[in-house]
Amino acid sequence: MVEETSPRRTDATLAAERLRHEILSGGVAPGSKLKLASLAERYAMSRGPLREAATRLAAEGLVTIEDQKGFRVTAISREDLLDLTATRKRIELLALRDSIGHGDLAWEGHVMAACHVLDRVTGSDPAQTFSDRHRAFHEALVAACPSTYLLRFREQLYALTERYRNLARHGDHRVRDARDVSAEHQAIAEAAVSRRADEACTLLGEHLARTAEVLIEAYPELFGAS
């Protein structure tokens, strides 16, 4: 006999997925208070599952728990962005180097295919389409890494940086137009599948750092003067 999943748990999972998407996409502003009453009405569910969902997102670093005050979307800051970027670089480069060392011919094809698809949607398709393809490309790069723990930590850091990267879609065009993102992705992919691990890691590290630099330059009101 298969045990049925409780409605409460199902609602909590659905609420966590929806709220996570809204936070990552910027639909819920950084630093804003999560009002469970209004969320319950909008999501058409009780507050219990929403409270559980917010607690789950707190464990992911997307929500903060305030004693006796409820939940608030984690704020953004220059210091947090720089620390997050530096930490992600360390983890991402470890995963990429391991992936290059263990990847086979199928992995090479997957990386180049993901890069090609990403190139086709860069700058032309809806923001969500780009976001999905961008995630798929970076996941393809590290897909051959054998460490489950490393990949899990990397995925969490990716989600945290996604909030910041989404801001760039609405940033100053002079900042964004000075950067050829497609060329950066192509160079990383080619170095990876050619097994030039040092070059691939250097390019990926520069790629991640540049994203943070663009954001800080485009949003001095949020991050201070660069």
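For beta carbons closer than 6 Å, sequence separation of 6+ or different chains, a first residue in the range 40-58 that is closer than 17 Å to Val28 by Cβ and a second that is among the aromatic types (Phe, Trp, Tyr), the qualifying pairs are Ala54/Phe71. Can you spot a residue in the range 137-150 that is in a helix (DSSP H, G or I), at pLDDT 95 or above, touching a Cys at 6+ places or on another chain (Cβ under 7 Å) and within 21 Å of Leu62 (Cβ to Cβ)? Checked against the condition, which is being in a helix (DSSP H, G or I), at pLDDT 95 or above, touching a Cys at 6+ places or on another chain (Cβ under 7 Å) and within 21 Å of Leu62 (Cβ to Cβ), the range 137-150 yields no hits at all. Scanning the range 28-49 for residues that are part of a loop (DSSP other than H, G, I, E, B) and within 14 Å of Thr64 (Cα to Cα) turns up Val28, Ala29, Pro30, Gly31, Ser32, Lys35. Taking each residue of the range 10-27 that is not assigned by TED's automatic domain parsing to the domain that holds Arg163 and looking for partners that are in a helix (DSSP H, G or I) and of a type in the set (Asp, Glu) with beta-carbon atoms closer than 7 Å, six or more apart or interchain, yields Ala12/Glu52; Leu24/Glu162.
For (1) farther than 30 Å from Pro49 by Cα; (2) exposed (fewer than 15 other Cβ atoms within 10 Å of the Cβ); (3) in contact (Cβ under 8 Å) with a residue 24 or more places away in the chain, each residue gets a yes or a no:
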site: Ile76; (1), (2), (3): no, no, yes
site: Lys89; (1), (2), (3): yes, no, yes
site: Asp104; (1), (2), (3): yes, yes, yes
site: Ser131; (1), (2), (3): no, no, yes
site: Cys145; (1), (2), (3): yes, no, yes
site: Tyr158; (1), (2), (3): no, no, yes
site: Tyr164; (1), (2), (3): no, no, yes
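Of all residues in the range 110-125, those that are on the phi > 0 side of the Ramachandran plot have Cβ atoms under 9 Å from Cβ atoms of residues that are modelled with pLDDT under 95 and outside any loop (DSSP other than H, G, I, E, B), 6 or more apart or on another chain, in Gly123/Phe130; Gly123/Val181; Gly123/Ser182.
The values are calculated or read from the model by the stated rules, or taken from the named source; none is laboratory data. It should be emphasised that the depicted structure is a prediction, and the values quoted were computed from it without experimental measurement. Cβ: placed from backbone, ideal geometry, glycine included. Neighbour counts: every protein chain shown.
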